[in-house]
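*Asks:* What follows is a single structure, and I will ask about it in a moment.
Please treat every number below as a calculation from the coordinates, not as lab data. Keep in mind that what you see is a predicted model, and the values were worked out from it rather than measured. Note that we place each Cβ from the backbone using ideal geometry, even for glycine, and neighbour counts take in every protein chain shown.
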Amino acid sequence: MSENLPQNEPSIEDHTDEEVFQNYMEDLKLSPEDFDKRILDVGSGSSQFAKWARDHHVSSQIFSLEPKQEPQERTKSVQGKAEAIPFQSEVFDLVVSNASIPNIFLGESPETVKERVRSSLFELMRVTKPGGEIRLGRVLRGKVYESQEILASALDEAFAELRRDYGIEIEEIPYPAANTYEYVNHQPVKIAC
Ligand SMILES: C[S@@+](CC[C@H](N)C(=O)[O-])C[C@H]1O[C@@H](n2cnc3c(N)ncnc32)[C@H](O)[C@@H]1O
């Protein structure tokens, strides 16, 4: 029997650029100093985070990676997937992904989820400079549905490997607004590279 995933979660596509920017700020606990950094946004949707920051002179150093977009040099929009990021190694100070990695792998077979979660995390780490950071927001950690359980286990396994075999520090970022509907079963995380 197919699962019934929640239908009434607010659609991210409906948010204005400013709302998306604010979500990133709150979910990922970004600070003004972070905007001095070279940032990559993975799974950037329509690049709203970078767009609002650029339009409001907050930063012009945010690159947006998205499989579905036309590349555009002026706006630093790049076409590509998290599992094969088209950048050289160690070029970003901060890599962010909000409501994207690893949630986008939801619904794949357990083996595929495991492989894609692992390869995307390694890719995010590859493009981050030593001493840099990865912040993942709205990471689905709930285990209400079978597909969520598969995703959560793949993530637990990948995090355990990073900690054990590579000594990577992974911290949970406190919920910005615990107990609101949007955050139930989600947990932002910070990975020190
Ligand atoms: C829920 S949207 C989040 C968009 C944006 N981060 C935001 O908060 O508004 C998830 C995005 O991830 C993108 N995506 C899907 N598969 C991807 C992949 N393999 N690598 C990177 N991004 C992917 C989707 O196209 C979509 O734009």
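*Asks:* Cut-off under 24 Å on the C-alpha distance; same-chain residues fewer than 8 positions from residue 37 excluded. Which lysines are left, in chain and number order?
*Replies:* 29, 51, 76, 81, 129, 190
*Asks:* Let me know the longest stretch in the chain that avoids all GluC sites (Glu not before Pro) found in a DSSP loop with at most 11 other C-beta atoms within 10 Å.
*Replies:* That gives 74-193 as the longest site-free run.
*Asks:* Give me the net charge for the shell around residue 139: Cβ to Cβ below 12 angstrom, other residues only, Lys and Arg +1, Asp and Glu -1.
*Replies:* Taking every Cβ under 12 Å from that of residue 139, the sum is +1.
*Asks:* Now for a separate question. Please identify the trypsin sites (Lys or Arg not before Pro) of the range 49-124 that satisfy two criteria: DSSP loop assignment and at most 12 other Cβ atoms within 10 Å. Which are they?
*Replies:* 68, 74
*Asks:* Relative contact order of the chain, please, whole-number percent, based on alpha carbon pairs below 8 angstrom and at least 6 residues apart.
*Replies:* Relative contact order here is 20 percent.
*Asks:* Hey, another quick one. Would you please give the FRET efficiency between residue 90 and residue 68, computed as 1/(1 + (r/R0)^6) with r the Cβ-Cβ distance and R0 = 30 Å, to the nearest 0.05?
*Replies:* 0.65
*Asks:* Wrap a convex hull around the Cα atoms of the range 15-192, take a quarter of its surface area, and give that in square nanometres.
*Replies:* The orientation-averaged projected area of the Cα hull of the range 15-192 comes to 9.8 nm².
*Asks:* Can you tell me the length gained on complete extension of the stretch residue 46 to residue 157, counting 0.36 nm per residue apart and subtracting the Cα distance?
*Replies:* Result: 36.9 nm gained on full extension.
*Asks:* A follow-up question, please. What is the percent of Cα-Cα separations in the range 21-122 that go past 19 Å?
*Replies:* 42 percent
*Asks:* Provide 117, 189, 139, 78 in ascending order of the number of other Cβ atoms located within 10 Å of each residue's Cβ, fewest first.
*Replies:* With the sparsest Cβ surroundings first, the list reads 189, 78, 139, 117.
*Asks:* Ok, one more. Sequence gap at least 6, Cα distance under 8 Å: using those rules, report the relative contact order of the range 42-156 to the nearest whole percent.
*Replies:* That works out to 25 percent.
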